[in-house]
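Q: Right, I'll just put the structure down here and ask away after.
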Amino acid sequence: MEKVNILDLSELYRPEPEAQKRKQAYRNFDENKESDNSHIKRVQETYKLMHTYQTVEFVSQKRDKWGQLNKAEMNVMQALEFLNNLVDESDPDVDVPNIYHAYQTAERIRARHPDKDWFHLTGLIHDLGKVLALWGEPQWSVVGDTFPVGCEYGNSIVYKNTSFVDNPDLKDPRYNTKYGIYEENCGLDDIIMSWGHDEYMYQVLVGNKTTLPEE
Ligand SMILES: [Fe+2]
Ligand SMILES: [Fe+2]
């Protein structure tokens, strides 16, 4: 199988102060300017595609398609290795192999919450949904921060001011008001998020009758 270079978009581009600091370490970063740093450039391009094509319609298609859970059967160790083997590590800007990130996340959670074994496991498996990228989903449909679709885009979304201009939902009166298709205070359970590895992994777990607590 072909190797796929999976970006970790979310680390550096979050609106929280910590991430903002790291972000500033990157040279020439500016939402309105194209970067000449190849990693940032790839991140910008991926978000542009994501924010252009992740529409209510797109998300509902992806939910139907992948929600069938008929693509493969594997246990967690097989999935970790499957993902790891297929990640191209040649790009110097891409942090660490995925399996390293999985164990590191699990161990950090163990250090902070030694009594919550389900939480350690959650850390270990949290990115397994990225197998989508190995099954042909484009990066912008797999990685990066997710956001609610079907309503006005929030100001906390990365590149928000420049990246949504070509998204057809922006001109759709059903979706482009403050609450869009939702009712005020409807709760997160009723929110439709852009499609990606988190939602997919959630569906896989629910479909396999996970015993992880709702928490
Ligand atoms: Fe993730
Ligand atoms: Fe992660």
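Values in this text are rule-based calculations from the coordinates and carry no lab data. None of the values given here were measured: they were computed from a predicted structure. Counting neighbours? That spans all protein chains shown, and the Cβs are built from the backbone with ideal geometry, glycine included.
Q: Can you list which of the chymotrypsin sites (Phe, Trp or Tyr not before Pro) found in segment 149-215 are DSSP loop residues with at most 13 other C-beta atoms within 10 Å?
A: Those satisfying the criteria are TYR179.
Q: Continuing with the same structure: Fully extended, how many nm does the chain gain between ASN155 and ASN185 (0.36 nm per residue separation, minus their Cα-Cα distance)?
A: 9.0 nm
Q: Which ³J(HN,Hα) values, rounded to whole Hz and listed in residue order, are derived for segment 71-81 from phi using the Karplus coefficients 6.51, -1.76 and 1.60 in 6.51 cos²θ - 1.76 cosθ + 1.60 with θ = phi - 60°, glycine and proline given as x?
A: 3J(HN,Hα) across segment 71-81, in whole Hz: 7, 6, 10, 7, 8, 5, 5, 5, 5, 4, 6.
Q: I'd like the GluC sites (Glu not before Pro) in segment 168-210 restricted to DSSP loop residues with at most 13 other Cβ atoms within 10 Å, sorted by number.
A: Sparse-neighbourhood loop GluC sites (Glu not before Pro): GLU183, GLU184.
Q: Could you work out the local net charge near GLN54, counting Lys and Arg as +1, Asp and Glu as -1, over the other residues with Cβ closer than 14 Å to its Cβ?
A: Overall, the nearby charge balance is -4.
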